[in-house]
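Have a look at the structure below before the remarks.
Values quoted throughout were computed directly from the atomic coordinates according to the rules given, and no laboratory measurement underlies them. Quantities reported herein were computed from a predicted structural model and do not represent experimental measurements. Glycine gets a Cβ as well: all are built from the backbone with ideal geometry, and neighbour counts include every protein chain shown.
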Amino acid sequence: MAVRLSRRNLASYYAEALVNGTSSKNLARELAAYLIEAKRTKELPLIIDDIEHQLACRGSLSARLTSAHALNEASRRSVIDLLRHKTGASDINIKESIDENLLGGLKIEFIGNELDMTISRQLSKLKTNYKK
């Protein structure tokens with residue numbers, strides 16, 4: 001039977017291992033095996049969030065960027081500079097996705113924060129303000 005470790009301890013261990021260059025594939029297998037054995041698979045999304053937080057505390061930020069169109073290199077650098085300024089992270093990894101329903105603009109999600117600068121969001125805010 002597996003020893004029950006706190007989510008914080010798990011996140012700290014895996015974040016430290018990732019920063020030290022341990023194979024993410026091997027770490028993912030190890031974490032999956034532990035969660036299955038400890039019957040804690042439902043906690044995986046929370047543990048991943050905790051690992052991302054621990055990595056950000058160590059200067060490595062992972063962000064999800066959603067836009068209506070693919071970004072050019074200058075725009076990508078601007079987003080990285082914005083995140084570096086906001087978080088103080090030195091290593092920033094952006095996972096880009098395209099959502100044509102956004103019309104324009106972009107949305108950035110990182111360690112529990114969301115920066116929504118989409119046209120859809122601006123139109124929604126205008127509609128809400130107009131009703132008032």
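The figures follow:
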{"item": "Of all residues making up the stretch 25-56, the number that are closer than 23 Å to GLY88 by Cβ and free of Cβ contacts under 8 Å to residues at least 12 places away in the same chain", "result": "1"}
{"item": "Every residue from the stretch 70-107 that is of a type outside the set (A, V, I, L, M) and touching a Gly at 6+ places or on another chain (Cβ under 8 Å)", "result": "GLY88, SER90, ASP91"}
